[in-house]
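Visitor: Here it is: the structure, laid out below.
Readers should treat all values here as calculations from the given coordinates under stated rules, not as data from a laboratory. None of the values given here were measured: they were computed from a predicted structure. So basically every Cβ, Gly included, is an ideal-geometry build from the backbone, and we count neighbours across all protein chains shown.
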Amino acid sequence: MHRTGELYGQFQTLEQQKESATLGMWIFLITEVLFFGGLFLTYTINRRTFSTAFGIGSNTLDITLGAGNTVVLIMSSLTMAMAVWSAQVGKKKLVCIFLIATLGLGTVFLGVKAIEYKQKFDHHLIPGRSFDMKYHPAHPMAGDDLKELALEKKEVDEALAVDPDINFHGQLYFSLYFGMTGLHALHMIVGAGLLLWLIKGSFAGRFTPQYNTPVEVVGLYWHFVDIVWIYLFPLLYLIDRHR
Amino acid sequence: MNNTPPTSYELPRTHYLNATYGDGIRSWLLTTDHKRIALLYLGSVTVFFFIGGVLATMIRIHLLTPGGALVTPETYNKLFTMHGVAMIFFFLVPSIPAVFGNFLIPLMIGAKDLAFPKLNLLSWYLYMVGGCFVLYSFSTGGLDTGWTFYTPLSSVYSNSAVTPAVIGIFINGFSTILTGLNFIVTIHTMRAPGMTWFRLPLFVWAHYATSLIMVLATPVVAITLLLVGLERLFHLGFFNPALGGDPILFQHLFWFYSHPVVYIMVLPGMGVVSEIIPTFARKPIFGYSFIAGSSIAIAVIGFFVWAHHMFVTGESTYIALAFSFLSYLVAIPSAVKVFNWTSTLYKGSISWDPPMIYALGFIGLFVIGGLTGLFLASLGLDIHIHDTYFVVAHFHYIMVGGSVMGYVGALHFWWPKITGRLYPQSLSRFAAVVLFIGFNLTFFPQFILGYLGMPRRYHTYPPEFQVLNVLSTAGASILALGYLLPMSYLTWSMRYGKVAGPNPWPATGLEWKTASPPPTENFDVTPEVNWEPYDFKNRTDLGLPAATPSPAPAHGDD
């Protein structure tokens, strides 16, 4: 189908095209809810069965980085919404600025996630042969708070008493941690790609009050990815937090 | 067809098949024309149907003798697994939607194309890539887990090529999701002026309901199979009891998709029947809004019955009761359709064109298949017949006697529109009867076998079951003929068939108001709809003789 300006040939009007694009994105987001939903169900069942392991696993996550990342992502949703607004009111320069800001914040999020993943690797918390919840308390690393670590050791020992298979069940927790945050990160990378495409278009002055559907539709996607994280953060980071 | 005056037609000079935009094969592989994409799918699904058919043939030959005549037990496991995977994911799920939904929905609603033509092409490529992964799995060790991939066999213990297979099905799942998304948006936003929801052909309603299931259920099997693949690769423990996991969790996740998928497989066929019956009874369909509503009802209720596949897993009796009750409930909208189709036939002007024979066959065989589903939904009875050939016969009656007959019927009904050609009518009536006889001979003995206790997925059986097994295999050979015949004469007709003209039957849909084959843009002028569907009485443009019987009066004068 050929394209005249921004109107694709299968559509009669730009209005119809916009309606179709937005409905299409909403339906896609619903499929994403079902997609992540399977993981959330698995999480729910496993957390209920292995509550000790999930509690102890959650406590090994760095709450500062997690909370910080949450704020970063919420800010990026704000800048994304501002980008959509800017397009709607015809402030083309602001569209570029806000899109770049969104991309920047998203990149910060991914960078922090990479740091967290590396930490897990160092602490022998990646599911597999070398997985060992007792490793980090027994092997302090540079920059560790020794008092915190001693508390962690105490908690792991207590958990072991309750659940001797803590290393098996802990792996279930961390599999879910990596699976859910990994799938989320993958979606963010796709989102980053979409943002790059939008930034290219915004520099070309493509988005006007009459035509800004791509910004709106990518905005919907970005907000969805944000909302998934809003659920992931408490479910993964805030189990049985006392300290 | 019987009453139309003989007119000789010529093919239109340019249409979507010979439209020249770009060179030869690239214009097909990079097309965004929904009609060409439909034909791409037609080729692909036929290949997978053939592969699934060859596997079925091997199963039936193997089961000619109690000891197992053809293959080792391990290979037998691979045969029925690959037969199921090929047929379900790569033939039945795409068949009618991806071929006929793609071709017809824009035509039926008066649009130039689907809402997202490029996404449509992507769907086909995803199907092909998924298919390649699965064929790779088939040829490097095969698959022996059953199409149901129960854990921990699939996630831990199987030595077959599970990982490429689940990757392939995962990718194919996205093909389905995107097609469903495309259909939903198209039906909402691209209808021609005057084409209100309740003027839509029932084929479109059926595909709308199917698409709802596609977008909601398929992501769940995607994540489930992804988890199985990750379990296999990284030795995670979700479904492995040795690591604290739960195989029943897999079953819940799997069946949450795999029950709705059977409605993805049958609803489009029902949509086809709803188009064919009024055409060859030359009467408006009885109870249009009930048939439309029943499609949506089946889609919705179908999401709440999945654990009827798990009655013997030790689930609580109370939950089993609930699922049994809901499974009975879901039969009601299907029954509504059957009664409405039958009422459409009453006092109609019936003609025995080949599509009609397939549609009538669908109704009868679907009734048997559907009713035997109720046998299985009954808790006490299911204890006895679960995992026996009774189940196998039940779902083949619906999936083959129903869906495949619907698919072949659709081929025969819309072939003139797709190719501009007619096919030999007597030969095709004969082929339809051959198919019907072969099908029943293959699968009816299996009800008896199952009730007598022959388990499914077993490579051997007690000698007293041999006669019924031989009958079934004999039927399979006749069934095969019933498929090979249409493959041959339809191919023949593409070159040598009589030119059909725009509306050979004649039928009332919008797709029949444009040329056969249609031009690339579907309609020369965007149509404006101001008639009701299936309104044979008032459609003077159909060229029907004046003596058309009026629909059955509300208060009978019989």
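Visitor: Nearest 0.05, what FRET efficiency do residue B:538 and residue B:313 give at R0 = 51 Å with Cβ-Cβ as r?
Guide: Once the sixth-power term is evaluated, E becomes 0.35.
Visitor: Any idea what angle helix B:405-419 forms with the longest principal axis of chain B, computed on alpha-carbon atoms, 0 to 90 degrees, nearest 10?
Guide: For B:405-419 against chain B, the angle is about 40 degrees.
Visitor: Further question: Say R0 is 30 Å: what FRET efficiency, to the nearest 0.05, do residue A:158 and residue A:130 get from their beta-carbon distance?
Guide: Using R0 = 30 Å, I get an efficiency of 0.80.
Visitor: Enter the mean projected area of the convex hull around the alpha-carbon atoms of the stretch B:85-200, in nm², rounded to one decimal.
Guide: 7.8 nm²
Visitor: How big is the stretch B:416-510 by the Kirkwood estimate over distinct Cα pairs, in Å?
Guide: 15.8 Å
Visitor: To continue, here is another question. For residue B:481 and residue B:46, calculate 0.36 nm times their separation in residues minus their Cα-Cα distance, and state this gained length in nm to one decimal.
Guide: 155.1 nm
Visitor: Hey, what did the stretch B:78-163 get for relative contact order, percent, Cα under 8 Å, at least 6 apart?
Guide: 43 percent
Visitor: Taking Cα atoms, how many degrees apart are the long axis of helix A:92-122 and the longest axis of chain A, rounded to 10 and kept between 0 and 90?
Guide: So the helix axis and the longest Cα principal axis differ by about 20 degrees.
Visitor: State the volume of the convex hull built on the alpha-carbon positions of chain A, expressed per residue in Å³ and rounded to an integer.
Guide: Looking at chain A, the number lands at 134 Å³ per residue.
Visitor: Separate question: Mind grabbing the base-10 log of I(q)/I(0) for the protein assembly as shown at q = 0.09 Å⁻¹? Debye formula, identical points on the C-alpha positions, no solvent, two decimal places.
Guide: Relative scattering, expressed as log10 I(q)/I(0), comes to -0.94.
Visitor: On to the next question. Which far-off residues, 5 or more places away or on another chain, put their amide H under 5 Å from the one on residue B:421, with H placed in the peptide plane?
Guide: B:500
Visitor: Rounded to two decimal places and with Rh computed the Kirkwood way over Cα pairs, what is Rg over Rh for chain B?
Guide: Answer for chain B: 0.96.
Visitor: Relative contact order for chain B using alpha-carbon pairs under 8 Å, separation at least 6, rounded to a whole percent?
Guide: The value is 19 percent.
Visitor: Could you grab the Rg to Rh ratio for the stretch B:342-448? Cα atoms only, Kirkwood for Rh.
Guide: When Rh is taken as the Kirkwood radius, the ratio is 1.07.
Visitor: Now a separate question. Which of B:417/B:537; B:112/B:417; A:18/B:337; A:92/B:112 have a Cα-Cα distance over 25 Å?
Guide: Beyond 25 Å: A:18/B:337; A:92/B:112.
Visitor: Still on this model: Quick one: if the Förster radius is 22 Å, what FRET efficiency do residue B:322 and residue A:44 give, using the C-beta to C-beta distance and rounding to 0.05?
Guide: 0.65
Visitor: To test your reading of the geometry: what angle, between 0 and 90 degrees and rounded to tens, separates the Cα axis of helix B:288-301 from the longest principal axis of chain B?
Guide: It works out to around 20 degrees.
Visitor: Hey, another quick one. Once every DSSP H run of n ≥ 4 in chain B is given -39500 (n - 2.57) and the sum is divided by its residues, what mean residue ellipticity at 222 nm do you get, rounded to the nearest 500 deg cm²/dmol?
Guide: -20500 deg cm²/dmol
Visitor: Could I have the simple spin-label model distance between residue B:157 and residue B:197, label points 7 Å from Cα toward Cβ, reported in nm to one decimal?
Guide: 5.0 nm
Visitor: Mind jotting down the three principal axis lengths of the stretch B:15-97 based on Cα atoms? Whole angstrom, largest first.
Guide: Principal-axis extents of the stretch B:15-97 (Cα, largest first): 59, 22, 18 Å.
Visitor: Which distance in nm do the two modelled labels at residue B:347 and residue A:78 give, with both placed 7 Å along the Cα-to-Cβ direction?
Guide: 7.1 nm
Visitor: Moving to a separate point now. Determine the distance separating the Cα centre of the stretch B:345-423 from the Cα centre of the stretch A:171-188; give it in Å without decimals.
Guide: About 44 Å separates the Cα centre of the stretch B:345-423 from the one of the stretch A:171-188.
Visitor: Stretch residue A:29-residue A:6 to full length: gain in nm at 0.36 nm per residue minus the Cα-Cα span?
Guide: On the way: separation 23, 0.36 × 23 = 8.28 nm, distance 2.41 nm.
Full extension from residue A:29 to residue A:6 adds 5.9 nm.
Visitor: Under a Cβ-Cβ cut-off of 12 Å, what is the net charge of the residues other than residue B:489 that fall near it, where Lys and Arg count +1 and Asp and Glu count -1?
Guide: Here the count lands on +3.
Visitor: Relative contact order of chain A, please, whole-number percent, based on alpha carbon pairs below 8 angstrom and at least 6 residues apart.
Guide: 34 percent
Visitor: If you don't mind, there's one more thing I want to ask. Given springs between every Cα pair under 10 Å in a Gaussian network model of chain A, which of A:13, A:79, A:44 has the largest fluctuation?
Guide: Highest fluctuation among the options: A:13.
Visitor: Next question. Quick one: if you stick a label point 7 Å off each Cα along the C-beta vector at residue A:147 and residue B:150, how many nm between them?
Guide: 5.6 nm
Visitor: Follow-up question, since we're still on this one. Run lengths n ≥ 4 of DSSP H only: what is the helix-derived mean residue ellipticity at 222 nm for chain A, with -39500 (n - 2.57) per run over all residues, to the nearest 500?
Guide: -27000 deg cm²/dmol
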